[in-house]
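The values are calculated or read from the model by the stated rules, or taken from the named source; none is laboratory data. In this text, all values refer to a predicted model and were calculated from it rather than measured experimentally. Every residue, glycine among them, receives a Cβ derived from its backbone with ideal geometry; neighbour counts consider all protein chains shown.
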Amino acid sequence: MIELLPPNLPYFASIALLLIGLYAMITKRNLIKKIMGLNIFSTSVLLFLIAMGYREGGAPPIEVEGVTHYVNPLPHALVLTGIVVALALTSFALILIINIYKEHKTLDSEKLTKL
Amino acid sequence: MNLSLHYPILLIVILFAGAYLTPLLGLWNKKICFPIAVLSTLISAVLSVVLLFSVLENNIVSYYVGGWEPPYGIELTIDPLSSFLSLVVAVIGFLAVVFSKNYVGHEISEKKQPAYYSLLQLIIGGMQGALMTGDLFNLFVMTEIFSISGYALVAITQKKGSLLASFRYLLLASIGTTFILFSTGFIYMLTGSLNMEDISNLLPLIDNPWVMYSGLVLLIIGFAIKSALFPLHTWLPDAHSIAPSPVSVLLSALVIKIGAYSIIRVVYTVFGERLSDGFGLIGVPLSWMASMAILVGSLYAIFQTDIKRMLAFSSIAHIGYILLGVSLASTLSLTGGIFHMLNHALGKACLFFCAGAIIYRTGIRNIADFAGLSSKMPITMAAFAIAASSLMGVPPASGFMSKFYLGLGAYQENWIFLAVILIGSLLSGIYFFKVLAIAYFSPIKEPDSKIRGPELPFSMLMPIVILAIASLAFGVLEDLPVTLIEQAVRLLLSN
Amino acid sequence: MINRIKNVMVIFVLATIGFVMSLAVLNMPEFADVNAPIHKHVAPRYMQMSYEETGVPNMVTAILADYRGYDTLGELTVIFAGGVAVLSITGRKKK
Amino acid sequence: MNPVIIRTITRVLVPFIQLFGLYIIVHGPVSPGGGFQGGVVVGSSMILVALAYGLDKAETMANHSYRIIMDCVGSLVYAGIGLIGIAAGGMFLQYGIIPLPFTPARINNLMIFLIGSAIGVHIMALVLSLFLHTAKEAEIDD
């Protein structure tokens, strides 16, 4: 069954996530939903990177005697950085949103543009 | 222990260490934050001067962080271009920190000053890191550092609307950084390497145009958002005009330049060997977008009533000049573009400092109320006039020389670009002369009432005067930067 | 009406991005391919040498803290900037 | 209302969560994990305290100054270890060259462990900080 799927499925999945996130960021009017979109969007890259590093029959990248083929460890390091960056961005954006709500009493981006 | 070897990394780490120390010591005494920031930025400025001499001698200085040789570890590569821009960043960053001393109390409560000075050092350190690095992923990390500090510095004021401006900046710019990370993934997938030098050697061997070009396009889009190129500029006017003036200086004079620098780095260094035949494909839309940016930015600037908003729109136009020079890809235009980076940095920094000084002393933001400012603040307005004439491209100031080079390069390519440069300069003449005419010749309506102090404090006057003199000096002694830039351009185009 | 036009434009932009990236993905080395360049160039060094060179069996930690330690310093600085950024906008006075 | 069940479970659970977090930090070099992951786990245990006992309790257990000190000291230790490499005559963040009576690989191992701990200290303070500030900001008015 799984052979019927296109071979680069994980990459397509990451592009689908990218488009979903971008769509939410552009069209959703609620600022929190925009940030959710941003999170989906940045997760798509993480999926892409982690899928990229996988190799057939690769073991987890921790030195074990007798194992010669590990998955590529570099993307894992990159993903860790990506997660941390997303954490910093999201927390800052959320606190920004709280303050925006306190100042303008709305989270609707269209109403906010009119101000 | 030979310290001179370590200047590139010390330059960056000192700023970061200062940023870590500032909140820590700020717990103990809020007054100590300013001296720390001045010290760290001053040391890094001195180091970047020394580094520039060493780069001029050796052409390229590299530094292997952690002692791992390039494709395995991270390499810092400092060529004349990055060293030159690093000096600009260091000097203007230092001046912005000095300018903050008296200004900051005016817009930011004392409780937040440790955070403010920490973020200032982080944003300067992030920019230095982005300039020095020779590693694609490290470029992303450094970009993220100065971006996050930038969002926070926009939101730090109490002014209404600052949060919203910061949020819009965050939303659009993080699309840009995610695209950058995506295309870093593409390029890593193709070559298996993250080192720029290594990638540029490997790319010509790889026959996979789709992945490569979409990676390049994504990178360019990402950095174009960072540098506010025309259709992606919507975050800039709000963010740059609402931020405190020293932050406007950093954002407008430096941060958007780092985007342009990164485009140069990616196009000419990473993809340099591969693109010798095919840059036209990407260069043509880029150059048209840059021309549109010149016209649209200048046109919008004419209709602004707020001085800082006007300067922000003018920045959109000037990033257009720079990227026009970059995208035309000839020696002349590239020289002009990079020279214009210097001139715009000096001129725009001076103008934003002047605007900050005017707001500090009189509280006026509206251009129509500028009447009589020439007699109230003669030095500031003189500096404003010099910097504005530099950005307009009036001959004695340095902006003329860079626009001259740009014009020559543009004429070789297509006369329309030359026309765009001329029209843009004319439009910038209109909006700058409007300000100067009101300040110098308009009759004073009311007797001056709420003016603070007899003259600006020294910490605010010094940056303004230094930058105004520099704008004039580089116009007369244009050999100095031009020889340096020509060396940089030769190196970039030699691939 | 304006919303309609905006929606159409958004979908057009997204479709363009999706189309270009899908074309890129179709041309990529296959998923989990052992011979992809990504597994050939830099990574083998980490797999074979990292235990000797860094004394750490976990390759991800070896890369994170040693080979690319400067990136991790940058990462630390990013989250530090996030923390300071949060500090900088808390406790705003209500207007 | 006094949420007895939640508070009791929290009181029992928090030390174990923190121990597990420290385990992840310390075992970073040999097993999946490291400073970031472990730091987040320890930080989340304090978030659990804040949720069960209220923000003030968490604030008194780890107040603002402590968190800033942990944050800054963690980062400074990292940068400082890098600078030791320069002082010992190597490159920034080069560990093997530091003059300690071990083999280079052993010194590397030690320094990676130290760096992991520094990151862990930094992150645990920061995660709690982010949560508390966001929560308080949302709480102040309305």
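Observations on the model:
- Only one of the listed residues (D:58, D:87) is crowded, with 17+ Cβ neighbours inside 10 Å, more than 17 Å from residue C:54 (Cβ to Cβ) and either more than 9 Å from chain C (Cβ to nearest Cβ) or among the hydrophobic types (A, V, I, L, M, F, W, C) (or both). That residue is D:58.
- Selection of segment B:343-393 for residues being part of a loop (DSSP other than H, G, I, E, B), farther than 23 Å from residue B:485 by Cα and free of Cβ contacts under 8 Å to residues at least 60 places away in the same chain yields B:364, B:365.
- Only one of D:20, D:36 that is assigned to a helix (DSSP H, G or I), under 13 Å from the mean Cα position of the chain (by Cα) and surrounded by fewer than 23 Cβ atoms within 10 Å (Cβ to Cβ): D:20
- Residues within segment B:314-333 that are surrounded by fewer than 24 Cβ atoms within 10 Å (Cβ to Cβ) and closer than 26 Å to residue B:353 by Cβ, tallied: 0
- Filtered residues of segment B:347-369 (kept if among the hydrophobic types (A, V, I, L, M, F, W, C) and either closer than 16 Å to residue B:405 by Cβ or surrounded by fewer than 24 Cβ atoms within 10 Å (Cβ to Cβ) (or both)): B:359, B:364, B:367, B:368
- Here residue B:87 fulfils each of the conditions (1) at pLDDT 90 or above; (2) more than 27 Å from residue B:137 (Cβ to Cβ); (3) under 23 Å from the mean Cα position of the chain (by Cα); (4) surrounded by fewer than 21 Cβ atoms within 10 Å (Cβ to Cβ) apart from (2).
- When we screen B:120, B:131, B:181, B:164 for residues that are touching a residue at least 60 places away in the same chain (Cβ under 8 Å), farther than 30 Å from residue B:25 by Cβ and either over 19 Å from the mean Cα position of the chain (by Cα) or part of a helix (DSSP H, G or I) (or both), the only hit is B:164.
- Exactly one residue out of C:13, C:25, C:34, C:78 is without any contact (Cβ under 8 Å) to a residue 60 or more places away in the chain, more than 19 Å from the chain's Cα centre (by Cα) and farther than 17 Å from residue A:58 by Cα: that is C:13.
- Yes/no for residue C:36 being among the small types (Gly, Ala, Ser), at the interface with chain A (Cβ under 10 Å from one of its Cβ atoms) and farther than 30 Å from residue D:71 by Cα: yes
- Residue list for segment B:53-76, restricted to those being surrounded by fewer than 20 Cβ atoms within 10 Å (Cβ to Cβ) and part of a helix (DSSP H, G or I): B:53, B:54, B:56, B:57, B:58
- Hey, residue C:82 facing chain A (nearest Cβ under 7 Å) and touching a Ser or Thr at 6+ places or on another chain (Cβ under 8 Å) or not: yes
- Residues being surrounded by 14 or more Cβ atoms within 10 Å (Cβ to Cβ), more than 9 Å from chain C (Cβ to nearest Cβ) and either farther than 13 Å from residue C:25 by Cα or touching a Phe, Trp or Tyr at 6+ places or on another chain (Cβ under 8 Å) (or both) - total across segment A:4-28: 6
- Hits in segment A:52-100 (condition: crowded, with 17+ Cβ neighbours inside 10 Å, more than 26 Å from residue B:137 (Cα to Cα) and more than 7 Å from chain C (Cβ to nearest Cβ)): A:94, A:97, A:98, A:100
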